[in-house]
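Here the structure comes first, spelled out in structure tokens, and everything after it is commentary.
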Amino acid sequence: MRTSWIVGVLTAVLLLGACSDPSDGPETAPPTPDVSRAATTHQRAQSSPSPSAAAVAPRVLYLGDSLAMEAQQVFGQELRRELRATYTSAPYSGTTPCDYLEGTGKKSLVPDRDKAAALVRALHPDFVVLQFWGNAWGYTWCMDGISHAASPQKYFSRYRADLRRLTDQIAAAGGERRPRIVWVAQGPDPITPDRVRRVNELYEEQAAASGDVVADAGATVAPAGSRYTWVQYLPCTSYEHEHSDYCTQPDRDRTALHLDKDYLHFCLAPTTSTPRPCPARSPGILRIAREITRVIGSS
């Protein structure tokens, strides 16, 4: 964290209102972003499925932080192509699970209309996919200043409690048609690798307690046999070889997961001050989206 590389990384993360965990993160929360309703996308299958296909095509709601923000378009494409899904996304950069809880009032980066329970009541999804890095520096007001750097145990206790509350609110909103929650396990973090490991364990714990599921998408962006080792490049998969735009260095049989100055995000286009879906073909995003889609299809 004391190197110039980490300073550059932190700058890039802050531009997107992201969710990394540097020990010297901002002490005060940022102003509420001016995110219009247009930031929420609602997309249906491009073609009319047969009656039998329509009976099993899932309705999927995708919520989360900057990782979901950058991946939302690619994830929707995968869901429609593979599962003929009806898809809605409402990610907000810089958020953590408490931002999607109802009852937070103004202490949230997510407006009331896009709280998880509100969207479940409106859309009746079959699956709610939740992807959070685990905002660890008190960036958002709803964390009440609790950060991993200052108090790891208090941070994990609060995070666990928020996962339970969010699960309960989604279940209550779904009623007899309770959606299944898909928690997305995160990839490696070069700064505090054990924090991500613990957060992923909390997702596993909560999913097991409530009959939900974890999509270990983070494993697809980690080296084989070394789940929590961060790398910028990985060997190209067979899919990436077949789709050459996703094998960024074919002469070295490897593909890029991150830009040089951004260890957190998987978009191979620079971050901007206005959060947006990733505009560049990015192997890490596609790997994550394909794994979440696979888990939904098998659930």
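Taking square-rooted eigenvalues a ≥ b ≥ c of the alpha carbon gyration tensor, is the stretch 169-245 rounded, prolate or oblate, where a/c under 1.5 means rounded and, failing that, a/b exceeding b/c means prolate?
Verdict is oblate for the stretch 169-245.
At 0.36 nm per residue, minus the direct Cα-Cα distance, what do Ser226 and Ala209 gain on full extension? Give it in nm, one decimal, please.
3.4 nm
How high is the relative contact order of the stretch 144-299, in percent, counting Cα pairs under 8 Å that sit 6 or more residues apart?
Worked out over the stretch 144-299, it gives 18 percent.
If the cut-off is a Cα-Cα distance under 29 Å, which lysines reach Lys106, setting aside same-chain residues fewer than 8 apart in sequence?
Straight-distance partners of Lys106: Lys115, Lys154.
Rounded if a/c is under 1.5, else prolate if a/b is larger than b/c, else oblate: which is the stretch 237-299, with a ≥ b ≥ c the root eigenvalues of its Cα gyration tensor?
Note, shape of the stretch 237-299 comes out oblate.
Could you sort Arg165, Arg59 by their accessible area in this structure, using a 1.4 Å probe and putting the largest first?
Arg165, Arg59
The values are calculated or read from the model by the stated rules, or taken from the named source; none is laboratory data. Being a predicted model, the structure only gives us computed values, none of them experimental. In case anyone asks, the SASA skips ligands and DNA or RNA and just uses the protein heavy atoms, side chains included. Shrake-Rupley method; radii C 1.70, N 1.55, O 1.52, S 1.80 Å.
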